[in-house]
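This report refers to the structure that appears directly beneath it.
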Amino acid sequence: MEEENEKYYEGEELNALVSSTDWKRVLPILYASTRSMICKRFLCDPDKGVLGKTFKDFVHDAVTLFIEGKRRCPKHVQLEHFFIATIRSIISKHVGKHYSNVSIDASDEQILQVHYESINTNFDVTKIKMIVTTRLDKDEISQNIFECWAEGINKPAEIRELYGYSEPDFNNGKKRLIRVLTEIRTYLKNEK
């Protein structure tokens, strides 16, 4: 529910914000964040997408809704944060249309289970965790990041602080982990 005193970018202010935004800087951030969301939540290749929509489609939808004024950004919210929340909502609604028996508030495991059932692939979270752990046998950083994600700890700063990782070490470990997660979908699909 909107607060009465909430101020949003509208009209000329919205046009000025759209014109002044450095889209060459913002779009890569949105693409990377959306790719990560799709990998972590659905264990999918973000280029192939989720139920017919790729990561670029979701970003395009969010930017279009913003520019058309259909999704309003509060003035106190940073633009990148607004877009990431909008993209998360668009993905949830897209998935919800296809998975009528899964609510938007479903856990990651419930959504993954329905996703893999829809492509006729067995889903077993314990098996997936075992595969990830096996593939990351000697990669302690990636294993620790995966364990944090499995426990619901998603913020990079929290994970880095917990284990004392530098930002480059964390980012490289995350890239290796996401590579393994995207490979798992193919592995499971071939195993049916």
- How large is ³J(HN,Hα) for each residue in region 176-181, as worked out from phi by the Karplus curve 6.51 cos²θ - 1.76 cosθ + 1.60 (θ = phi - 60°), to whole Hz, x for Gly and Pro? 5, 5, 4, 4, 5, 4
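How big is the shadow of the Cα convex hull of region 40-86, averaged over all directions, in nm²? Intermediate values should be presented prior to the final figure.
Working: hull surface 15.1 nm².
Here the figure is 3.8 nm², rounded to one decimal.
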- Task: Measure off 7 Å from each Cα along the Cα-to-Cβ vector at HIS76 and LYS155, then give the distance between these two points in nanometres to one decimal.
- Result: 1.8 nm
- Item | Phi to ³J(HN,Hα) by Karplus 6.51 cos²θ - 1.76 cosθ + 1.60 over region 60-77, Hz, x for Gly, Pro | 4, 4, 5, 5, 4, 4, 5, 5, 6, x, 7, 10, 9, 9, x, 5, 7, 9
- Note on the structure: Expected vector for region 80-90, Karplus 3J(HN,Hα) from phi with 6.51, -1.76, 1.60 and θ = phi - 60°, integer Hz, x for Gly and Pro, equals 4, 5, 4, 5, 5, 5, 5, 5, 4, 5, 5
- Query: Can you list the residues, at least 5 places off or on another chain, whose amide H is less than 5 Å from the amide H of TYR9, using H built in the peptide plane?
  - Reply: CYS73, LYS75
- Surpassing 29 Å at the alpha-carbon level, of the pairs LYS70/LYS174; LYS24/LYS155; LYS7/LYS53; LYS56/LYS174; LYS48/LYS75; LYS53/LYS155, are LYS70/LYS174; LYS7/LYS53; LYS48/LYS75
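Readers should treat all values here as calculations from the given coordinates under stated rules, not as data from a laboratory. For clarity, every value in this text was computed on a predicted model and none was experimentally measured. Reconstructed Cβ throughout: ideal geometry from the backbone, glycine too, with neighbour counts over all protein chains shown.
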